[in-house]
Amino acid sequence: MFEGLKKKIAHFIIQKKYLRKSSKEFSFNNVISSANELFFVMPKDDKDFFSSFEILKYYQIHKKAITLFLPEHKYSLVPDKEKFKFISYHINQITKFNLPSKNLVSSLSQKEFDVVVDLNRSEDVFFSAVANVVKSKIRVSFEKELSGQYYNMQIADKNTDPEVAYRSFLNYLRMF
């Protein structure tokens, strides 16, 4: 009961404090392929984490500047670390409402990227908030419960196999 209430409060806070509404319309044509600075919110789930590397490799090959947002303890699991920039967080930077702490928000709000990609396949208000704190004209994610208000583009993929899901997601991103 309390978790559901905390989640509703967290969504309310995100909408009031972090959600960036853009009244300016733009075309999705080549919006991702023409982007230079990409910010990837890495998946919380370990299987998803490793399966998502295929997407990173694709953009790395295409000479994009990639910044990864991940917990500090997963930094050592990333292959080719020197090819990425990192923003890491500690467990103590997550509030009791599962939102980023003030110091993390302060640090992230100064960052600007062409595209933000949340690679989490399940809803997590912490990552939705992070994806909206950084400045970006486009935010992409898997379709999740209540995600429509946080992201410009979403992919509906009900695949249970992470490898297949991330391969489909990459194919979707490549269209733009």
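No value in this document is a laboratory result; all are computed from the given coordinates. All of these numbers come straight from a predicted model, not from anything done at the bench. When we count neighbours, we look across all protein chains shown, and the Cβ atoms used for this are built from the backbone with ideal geometry, even at glycine.
In terms of distances greater than 31 angstrom between alpha carbons, the cross-link table entries 57/96; 44/102; 64/96; 6/63; 63/96 yield 57/96; 64/96; 6/63; 63/96.
Compute the relative contact order of the chain as a whole-number percentage, counting only Cα pairs closer than 8 Å that sit 6 or more residues apart in sequence. Computed value for the chain: 25 percent relative contact order.
Per-residue packing, averaged as other Cβ atoms within 10 Å, sorts the ranges 145-155, 128-138, 43-53 into the order 128-138, 43-53, 145-155, beginning with the highest.
Across region 82-92, coupling constants 3J(HN,Hα) worked out from phi with the 6.51/-1.76/1.60 Karplus curve, θ = phi - 60°, read 5, 8, 10, 9, 10, 10, 10, 9, 9, 4, 6 Hz, and Gly and Pro carry x.
Projecting the Cα atoms of 94, 107, 75 onto the charge dipole of the chain (Cβ charges, centred on the Cα centre) puts 107 farthest toward the positive pole.
Here the Karplus curve 6.51 cos²θ - 1.76 cosθ + 1.60, taken at θ = phi - 60°, turns the phi angles of region 66-75 into couplings of 10, 10, 9, 10, 8, x, 4, 6, 9, 4 Hz, with x standing for Gly and Pro. The alpha-carbon positions of region 126-176 define a convex hull whose volume is 89 Å³ per residue.
Rounded to the nearest 20, the size of the Cβ-charge dipole of the chain about its Cα centre is 640 debye, with Lys and Arg at +1 and Asp and Glu at -1. Ordered from longest to shortest, the equivalent ellipsoid semi-axes for region 30-163 are 20, 18, 17 Å, each the square root of 5 times a Cα gyration tensor eigenvalue.
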